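Written out below as structure tokens is the structure these notes cover.
The values are calculated or read from the model by the stated rules, or taken from the named source; none is laboratory data. Nothing here was measured: the structure is a model prediction, and the numbers come from that model. Reconstructed Cβ throughout: ideal geometry from the backbone, glycine too, with neighbour counts over all protein chains shown.
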Amino acid sequence: MSRETPTARPYRGVSQDERRAQRRSQLIAAAIEVYGERGYRQATVKAVCEAAGLTERYFYESFANSEDLLIQSYNAVTFSVFGELQKAAQAAGADRTERSRAMLRAYFTALRSDPRSARVFLVEIRGVSRAVDKAFDASLRAIGDELAHMSGPEDEEADPLLLAGVVGGVIHIALRWIEDGYSPDIDSVTESAMRLVMVEPRRAA
């Protein structure tokens, strides 16, 4: 006679999987806070767990190591920022120039409104390991694909190298802007970045 695998009982109406997902979210939010304040290399698993209000055993329930948490934190910030860009583009309508301007404004606004997330998004992700670099590259490609979709008809092939240059250029503008204390204002930095984004990303005939 076969035995059935026992299932965990809900605790206060919340399933084990839901509690695990909640703890994972707490750790990611805490990591963004800790990395944003002191930097990834100066942070420890213990510090992140303390900020999350959890013991270290729950860390290893969700993450293989600190790099895994850094990647997941970066992905969470990227997803949040990317969602803001998409909403801004949709609200701006079909005009390419206005969509570009709206997305850039949303991007710089997001960076200024949450400096800790901006640090994870732009600074702490760089040069940690090959796995972390791959996660960063994947997000840049996704942003480039969105720019290509925004910039022209889908039946025209985008130049991936030019797109990479445009995205990298905007990121460097953002880094300098942050280093200069978020100066000049958002309107000015948006217009500076517009000069890059409005480069035609389609392949020459």
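Quick rundown of the values:
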item: Residue check, GLU18 part of a helix (DSSP H, G or I), more than 18 Å from the chain's Cα centre (by Cα) and more than 30 Å from GLU146 (Cβ to Cβ); result: yes
item: Residues of the range 88-130 that turn out to be over 17 Å from the mean Cα position of the chain (by Cα) and of a type in the set (S, T, N, Q), as a count; result: 4
item: Residue within the range 91-114 that is surrounded by fewer than 17 Cβ atoms within 10 Å (Cβ to Cβ) and closer than 20 Å to VAL48 by Cβ present; result: no
item: Exclusive hit being part of a helix (DSSP H, G or I) and within 23 Å of ALA43 (Cα to Cα), set ILE71, ILE143; result: ILE71
item: Some residue of the range 36-53 being buried (at least 18 other Cβ atoms within 10 Å of the Cβ), in a helix (DSSP H, G or I) and modelled with pLDDT under 95; result: yes
